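Reviewing the structure listed below.
The values are calculated or read from the model by the stated rules, or taken from the named source; none is laboratory data. All of these numbers come straight from a predicted model, not from anything done at the bench. Using ideal geometry, Cβ is built from the backbone for each residue, glycine included, and neighbour counts are taken over all protein chains shown. These area figures cover heavy atoms from the full protein model, side chains too; ligands, DNA and RNA do not enter into them. Shrake-Rupley method; radii C 1.70, N 1.55, O 1.52, S 1.80 Å.
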Amino acid sequence: MQEFPAEAGSLWRLTGYGLTATRLPDGPVFGIVQFSFFDEFGGDIGTVETAGWMFPALTSNQINAGSMIDRWIFLDTGIGTAPEGTATIRAFTLYVDFAEFPGTGVYFDDLKLCELAEDGDALECKELGDDDDDDSDSDSDSDDDD
């Protein structure tokens, strides 16, 4: 998880790549990237787009049982808007494995969190990395496999 200052009304997008070296089992087993906004007290206030959702983070497409093995897949949350009361934005990689199947996992690489102008052009991008969930030493292909 990485955290940065943010303001209400600002637009953000998180992209990157995910890879699984083995087939993931069916069921609730997947990897995603996600972001959410937080107020000055650390409360998760989600995004304008996810207001009222049980889990208010804006999430990407998944790396799951249907994903190709040993292939970097582009992940994209789409654009999220900071709601009123925003103080920070937090970006996460997440691997969910309710099946507890041994020897599986998802690698993440080339994560980029961008603040956007209203026309969608990037104002500023932050390259994320070097935490336990980021495989920043891997090479990535830019093939899209949604």
Quiz item: Rolling a 1.4 angstrom probe over the protein heavy atoms, how many square angstrom per residue are accessible across the range 36-78?
Solution: 53
Quiz prompt | Under DSSP loop assignment and at most 16 Cβ neighbours within 10 Å, longest chymotrypsin sites (Phe, Trp or Tyr not before Pro)-free interval of the chain | solution = 99-146
Self-check item: Length gained when the stretch Asp26-Glu49 is fully extended (0.36 nm per residue, less Cα-Cα span)
Solution: 5.4 nm
Quiz item: Which of Cys114, Asn64, Thr15 sits farthest toward the positive end of the charge dipole of the chain, with +1 on the Cβ of Lys and Arg and -1 on the Cβ of Asp and Glu?
Solution: Asn64
Exercise. Quote the relative contact order of the chain in percent (integer), defining contacts as alpha-carbon pairs under 8 Å separated by 6+ residues.
Key: 35
Quiz prompt | Sites matching trypsin sites (Lys or Arg not before Pro) across the range 63-113 that sit in DSSP coil, with at most 10 neighbouring C-beta atoms within 10 Å | solution = none
Self-check item: Using distinct alpha-carbon pairs, which all enter the 1/r mean, Kirkwood radius of the chain in Å
Solution: 15.6
Quiz item: In the range 73-124, what GluC sites (Glu not before Pro) fall in a loop by DSSP, with at most 13 other Cβ atoms inside 10 Å?
Solution: Glu84, Glu100, Glu118
Practice problem: Might you tell me the accessible area per residue for the range 87-130, computed with a 1.4 Å probe and given in Å²? | Solution: 60
Quiz item: Ignoring ligands, DNA and RNA, what percent of the 1.4 Å accessible area of the range 1-128 is carbon and sulfur?
Solution: 53
Quiz prompt | Computed FRET value (nearest 0.05) for Ala117 with Asp70, which takes r as the C-beta separation and R₀ as 41 Å | solution = 0.65
Exercise. Using label points projected 7 Å from each Cα along Cα→Cβ, tell me how many nm separate Phe41 and Cys125, to one decimal.
Key: 3.7
Exercise. Let me know the charge dipole size of the chain about its Cα centre in debye, to the nearest 20, where only the beta-carbon of Lys, Arg (+1) and Asp, Glu (-1) is charged.
Key: 460
